[in-house]
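Chemist: Mind looking over this structure? Questions follow.
The values are calculated or read from the model by the stated rules, or taken from the named source; none is laboratory data. It should be emphasised that the depicted structure is a prediction, and the values quoted were computed from it without experimental measurement. Using ideal geometry, Cβ is built from the backbone for each residue, glycine included, and neighbour counts are taken over all protein chains shown.
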Amino acid sequence: MSGMKRRIGSIATALMMVQLASAMPGLAESWPQRSVRLIVQVGAGSANDVMARLYAERLAERWKQPVYVENRPGADGLIGTAAFANMHDPHTLLFSMAAPISVYPYIYAKLGYDPTQDIVPVARAAETFVAVATAASSNIGSLDELVALARAQPGKLNYFAGVGALPTLFAGFLKSSGLDMVSISYREANLALQDIATGRLDLAVATLGFLLAPAQSGKVRVLAVTNEIRAPLLPEIPTAVQVGHSLLAFEGLMGFFGPRGLSADIRDRIAADVCAVAADPEFAKRLIPLAAVARGGTPAEFAAAIEVQRAKMASIITMLSGK
């Protein structure tokens, strides 16, 4: 009798799994059932915030539900990321650079979240550009000239490397190249813009969106971008790889992340909608002034790109630590 009960139980379980599996597409189609919240770890008005709001507007049209942006700035993005990870809400997404997964686990002792479990890559949204720039008044006109000057004057030049993975990236470049430069930290990043525009700061490594205004006004000279492609806003500026400095190659990954346990079908649904928005030429044009280009992709593609970045950052940190 007990064997019969086990067989009946097994059959019932199998039927239930079949029913759940067949219902999964319906779950994706019915999501979202209410408004969606986007957590952004920067302040209102910044390039990433504007980008998130542009996506929110278009996704709200597709999802037939409001999509709100909630700003949680501070601590290099850790505050917003940890807050998101602890919400456990399938209607709350994170719009973020990849650094909370790819580099922060290596440079911060306490994160407030598990980067491999609490944050699920859902869809890439954009490629942001990273620029290496100097004051227009300086005699540095190229990356080669920067390297030559730094080598001739060890410890004399100073630099500011923005946020996320950039301090680690540039520190790795300096060590690999045998260069000695002084890192300068700022309580407020905008102070770095003032200093590089006036020549008090020799070099800045930051997102192109951050450096764009002084670059377009002629106060800052952009030497190169770290991306594989040139920035549409400054097509005359070469990539680091093009001028022979592949150690600086770095791709700015921006995208949507979901919470722990977000189902695969909902991830695929969100990714498909993000891809559709990114593929719209009119939408893509709106990202160019933000020093970014629209990029879509599947959850697997986004996760793979993050893994490439994570592996590179891990290698650099290992080198810097001398292990």
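Chemist: Could you check segment 274-285 and list, in sequence order, the residues that are out of contact with any strand residue (DSSP E or B) (no Cβ under 6 Å at 6 or more places or on another chain) and surrounded by 17 or more Cβ atoms within 10 Å (Cβ to Cβ)?
Modeler: Within segment 274-285, CYS275, VAL277 qualify.
Chemist: Right, something else. Go over the candidates ALA271, ALA215 one by one and state the one that is in a helix (DSSP H, G or I), modelled with pLDDT of 95 or more and buried (at least 19 other Cβ atoms within 10 Å of the Cβ).
Modeler: The match here is ALA271.
Chemist: Within segment 135-185, how many residues turn out to be of a type in the set (Ser, Thr, Tyr) and closer than 30 Å to GLY77 by Cα?
Modeler: Of the residues in segment 135-185, 6 are of a type in the set (Ser, Thr, Tyr) and closer than 30 Å to GLY77 by Cα.
Chemist: Among the strands (runs of 3 or more DSSP E) lying completely within segment 108-209, list those that include at least 2 residues that are surrounded by 23 or more Cβ atoms within 10 Å (Cβ to Cβ), free of Cβ contacts under 8 Å to residues at least 12 places away in the same chain and touching a Ser or Thr at 6+ places or on another chain (Cβ under 8 Å).
Modeler: Because the criterion is at least 2 residues that are surrounded by 23 or more Cβ atoms within 10 Å (Cβ to Cβ), free of Cβ contacts under 8 Å to residues at least 12 places away in the same chain and touching a Ser or Thr at 6+ places or on another chain (Cβ under 8 Å), no strands (runs of 3 or more DSSP E) in segment 108-209 meet it.
Chemist: Also, quick follow-up: Just to be sure I understand the filter: pairs with C-beta atoms under 7 Å, separated by 6 or more residues or on different chains, first member in segment 299-322 and assigned to a helix (DSSP H, G or I), second member among the acidic types (Asp, Glu). Which pairs pass?
Modeler: Within 7 Å, the pairs are PRO299/ASP268.
Chemist: For ALA231, state whether it is in the same structural domain as VAL103 (by TED's automatic domain parsing) and either surrounded by 22 or more Cβ atoms within 10 Å (Cβ to Cβ) or in a helix (DSSP H, G or I) (or both).
Modeler: The answer is no for ALA231.
Chemist: Ok, one more. Restricting attention to segment 273-305, report how many residues are out of contact with any Lys or Arg (no Cβ under 9 Å at 6 or more places or on another chain), among the hydrophobic types (A, V, I, L, M, F, W, C) and more than 25 Å from PRO115 (Cβ to Cβ).
Modeler: Adding up the residues that qualify gives 7.
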